[in-house]
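The values are calculated or read from the model by the stated rules, or taken from the named source; none is laboratory data. On a predicted model such as this, the values are computed, not experimentally measured, just so you know. Here the Cβ is made from the backbone with ideal geometry for all residues, glycine too, and neighbour counts use every protein chain on show. When the accessible area is computed, the model is the full protein with side chains, heavy atoms only, and any ligands, DNA or RNA have been set aside. Shrake-Rupley method; radii C 1.70, N 1.55, O 1.52, S 1.80 Å.
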Amino acid sequence: MTLRPDLNLIAHLVPGSSRVLDLGCGDGTLLQHLIADHDCTGTGVEIDPEMVLGAIDSGVPVMELDLDADLALFDTGSFDTVVLSRTIQTLRHPELVLREMARIGRQLIVSVPNFGLLQHRLMLLRGRMPMSRELPYSWYDTPNLRFTTLVDLEDLFAKLGLAIEQRINLSLTGDPLGKGFRAANLRAGAAVYELRGV
């Protein structure tokens, strides 16, 4: 199974044999990989009924729930790792979801497209809403409700007391950028964060 580059990166951040909660799991590709190749156990959460069926067909344990309303169903500390991959920008209540993630698990992994990318800013200056590999939707047909830059997202993490263990900046092709990479808020197409509650 070939994983999307950011999912492959996330898979390497998850310790083997972890209990994983994958929020906004889509068709369960990441969780299926973690179960098969990393000896993990876990559950996916997805709101799209077609994606839920796809995950079930792949043998992934999945629940059809609304992340903005239903995370209280999970017990405190019931998972080792909670993943939110390219989903935070689609939530009505991202602050609440991050708080719940920190309650449910010890290690949090969040990936997000960077709306502050220089190319996106230039599109806005030309009077157009940004579209790119990271933001492939037209303004009228997008699941995105929130438009954050990496700086804004990190401010929210700090407000919630979430410590950034590491941030891995991704290029527009989804490849990790070097550790010496500068001006990530302008130059990274996306980022993957590993977080811990403090």
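Summary of computed values
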quantity	calculated
Average Cα contact separation per residue, the range 1-96, under 8 Å, 6 or more apart, as relative contact order %	30
Top positive-direction residue, dipole computed over the range 1-156 with Cβ charges, set Pro49, Gly105, Tyr140	Tyr140
Relative contact order %, the chain, counting alpha carbon pairs below 8 Å whose residues are six or more apart	19
The chain: most fluctuating residue of His93, His12, His120 per GNM, C-alpha cutoff 10 Å	His12
For the chain, calculated [θ]222 nm from helices alone, where every DSSP H run of n ≥ 4 adds -39500 (n - 2.57)	-8500 deg cm²/dmol
Bins of 10 Å, starting at 0 and running to the largest distance - Cα pair percent for the chain	9, 36, 39, 15, 1
Per residue solvent-accessible surface (Å²) - the chain, probe of 1.4 Å	50
Approximate spin-label separation Asn8-Arg133, in nm, with each point projected 7 Å along Cα-to-Cβ	1.2
Residue order for Val192, Val62 - accessible surface, 1.4 angstrom probe, largest first	Val62, Val192
Centroid-to-centroid separation of the range 93-157 and the range 48-87 [C-alpha atoms, Å]	20
Share antiparallel - DSSP beta bridges, the chain, percent rounded to 5	45
Residue with peak Gaussian network fluctuation, the chain [Cα springs, cutoff 10 Å], from Asp141, Asp70, Asp27	Asp141
Computed lengthening from Ala72 to Asp37, 0.36 nm per intervening residue step minus Cα-Cα distance	9.7 nm
Using a Förster distance of 30 Å, the FRET efficiency for Leu125-Asp155 (Cβ separation, nearest 0.05)	0.80
Zero-based 5 Å bins, Cα pair distances in the range 126-166, whole percents	5, 18, 22, 16, 15, 14, 8, 2
Efficiency of FRET between Thr90 and Ser17 - r from beta-carbon atoms, R0 41 angstrom, step 0.05	0.85
Rounded percent of accessible protein surface that carbon and sulfur make up, the chain, 1.4 Å probe	54
